[in-house]
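Engineer: Quick one: structure below, then a few questions.
Just so it is clear, none of the values below were taken in a lab; they were calculated from the coordinates. What you are looking at is a predicted structure, and each value in this text was computed from that prediction instead of being measured. Neighbour counts run over all protein chains shown; Cβ positions are idealised from the backbone, glycine included.
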Amino acid sequence: MPNTVYIATSLDGYIAREDGTIDWLMELPNPDKSDYGFSEFLERMDGIVMGRKSFEGVLEFGQWPYVKPLPVFVLSNSLSELPHGLPVKVEIVKGELKKIIQALADRGIRNLYIDGGKTIQSFLKEDLIDEMIITKIPILLGSGIPLFGATNMELEFEHLETKVYNNMLVRSKYMRKQKLKD
């Protein structure tokens, strides 16, 4: 089952400002009103796994940003209930990531979009990310929430493709290299 990251970072590797805001991302010029391949990406997905902070951030957008109505699984040990009137099925999940993934696979949810800084880092620490699509935005934030944190292992990825949008956004796709078994 592929677990895929689709995210934007600043040139210096931050996904948000220190306070979690992404205003710098929302202010990008987009004369063609393109989603830069995001809806095409979502067509491959069966569900979204995100952390509580990312989920709360999405709710502040005012409009649900995912064009395909995918079920959302919010990783949280502190949430006990969800707001009413959400446009898609949202479920709180907790526990070991491998068990959560297996439980979702047992329900037929196999292609997961992994979203949120700490969630992505947790999946990487467990070697549970199969594919990463990272778009570099031409801005240096200087500080903020980094995409990557320390892991307990070296993880190798293979570069598959790079596309440039609006002569400023650079989106690269990577696949996890599988280690040879002894």
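Engineer: Go ahead and run the numbers for FRET between ASP32 and LYS118, Cβ-Cβ distance against an R0 of 22 Å, rounding to 0.05.
Structural biologist: Working: r = 33 Å, r/R0 = 1.49.
E(calc), rounded to 0.05, equals 0.10.
Engineer: Which whole number of Å³ per residue matches the convex hull of the alpha-carbon atoms in region 69-120? Walk me through the intermediate numbers first.
Structural biologist: Details: hull volume 5.1 nm³, N = 52.
Cα convex hull per residue, to the nearest whole number: 98 Å³.
Engineer: Per residue and in Å³, how big is the convex hull formed by the alpha-carbon atoms of region 123-177? Working shown, then result.
Structural biologist: Working: hull volume 4.8 nm³, N = 55.
About 87 Å³ per residue, rounded to a whole number.
Engineer: Please order SER143, SER172 by the number of other Cβ within 10 Å, starting at the fewest. Before the final figure, lay out each step's value.
Structural biologist: Working: SER143 10, SER172 15.
Placing the least packed residue first, the sequence is SER143, SER172.
Engineer: Which of GLY95, GLY117, GLY62 moves the most in a Gaussian network model of the chain with Cα springs under 10 Å?
Structural biologist: GLY62
Engineer: If you don't mind, another one. Give, rounded to the nearest 20 debye, the magnitude of the charge dipole that region 26-150 has about its Cα centre when Lys and Arg contribute +1 at Cβ and Asp and Glu contribute -1 at Cβ. Can you show the working numbers first?
Structural biologist: On the way: 14 positive and 17 negative charges, 55 e Å.
Charge dipole, region 26-150, about its Cα centre: 260 debye, nearest 20.
Engineer: For region 131-182, state which trypsin sites (Lys or Arg not before Pro) are in a DSSP loop and have at most 12 other beta carbons lying within 10 Å of their beta carbon.
Structural biologist: On the way: sites: LYS136, LYS163, ARG171, LYS173, ARG176, LYS177, LYS179, LYS181; in loops: LYS177, LYS179, LYS181.
Passing sites in region 131-182 are LYS177, LYS179, LYS181.
Engineer: Find out how many positive minus negative residues lie around ARG171, taking Lys and Arg as positive, Asp and Glu as negative, among other residues whose Cβ is under 10 Å from that of ARG171.
Structural biologist: Details: positive: LYS136, LYS163, LYS173; negative: GLU161.
Charge balance in the 10 Å sphere: +2.
Engineer: Need the C-alpha centroid separation for region 130-167 versus region 33-94, integer Å.
Structural biologist: Comparing the Cα centres of region 130-167 and region 33-94, I get a distance of 21 Å.
Engineer: What lysines does LYS98 reach when the alpha-carbon gap must be under 27 Å and sequence neighbours fewer than 8 apart in one chain are set aside?
Structural biologist: Partners within reach: LYS53, LYS68, LYS89, LYS118, LYS125, LYS173, LYS177, LYS179, LYS181.
Engineer: Show me, for region 151-162, the HN-Hα J-couplings you get by feeding each phi into the Karplus relation (A = 6.51, B = -1.76, C = 1.60, θ = phi - 60°), rounded to Hz, glycine and proline as x.
Structural biologist: With the stated coefficients, region 151-162 comes to 10, 8, 7, 8, 10, 9, 10, 9, 6, 9, 6, 9 Hz.
Engineer: Using the Cα centre of region 58-164 as origin and beta-carbon charges of +1 (Lys, Arg) and -1 (Asp, Glu), tell me which of VAL58, GLN121, GLY85 is placed farthest towards the positive end of the dipole.
Structural biologist: GLY85
Engineer: Along the three principal axes, how long is region 33-115 when you take its alpha carbons, biggest first, rounded to the nearest angstrom?
Structural biologist: 39, 25, 18
Engineer: For all pairs of alpha-carbon atoms in region 1-52, what percent lies in each bin of width 10 Å, listed from the first bin to the last filled one?
Structural biologist: With a bin width of 10 Å, the distribution comes to 17, 45, 35, 3.
Engineer: Residue separation times 0.36 nm, minus the C-alpha to C-alpha distance between GLU156 and ASP106: what's the value? Write down the numbers at each step before the final one.
Structural biologist: On the way: separation 50, 0.36 × 50 = 18.00 nm, distance 2.81 nm.
Difference between extended and current length: 15.2 nm.
Engineer: Follow-up. Could you grab the relative contact order for the chain? Cα pairs under 8 Å, six or more apart, rounded to a whole percent. Show your work: numbers first, answer last.
Structural biologist: On the way: 299 pairs, mean separation 61.7, N = 182.
Answer for the chain is 34 percent.
Engineer: Pick from GLY57, GLY108, GLY20 the residue whose mean-square fluctuation is largest in a GNM of the chain, springs joining Cα atoms under 10 Å.
Structural biologist: Checking each option, the largest mean-square fluctuation is seen for GLY108.
Engineer: What percentages make up the Cα-Cα pair-distance distribution of the chain when the bins are 5 Å wide from 0?
Structural biologist: In order of increasing distance, the bins hold 1, 7, 15, 20, 22, 18, 10, 4, 1, 0, 0 percent.
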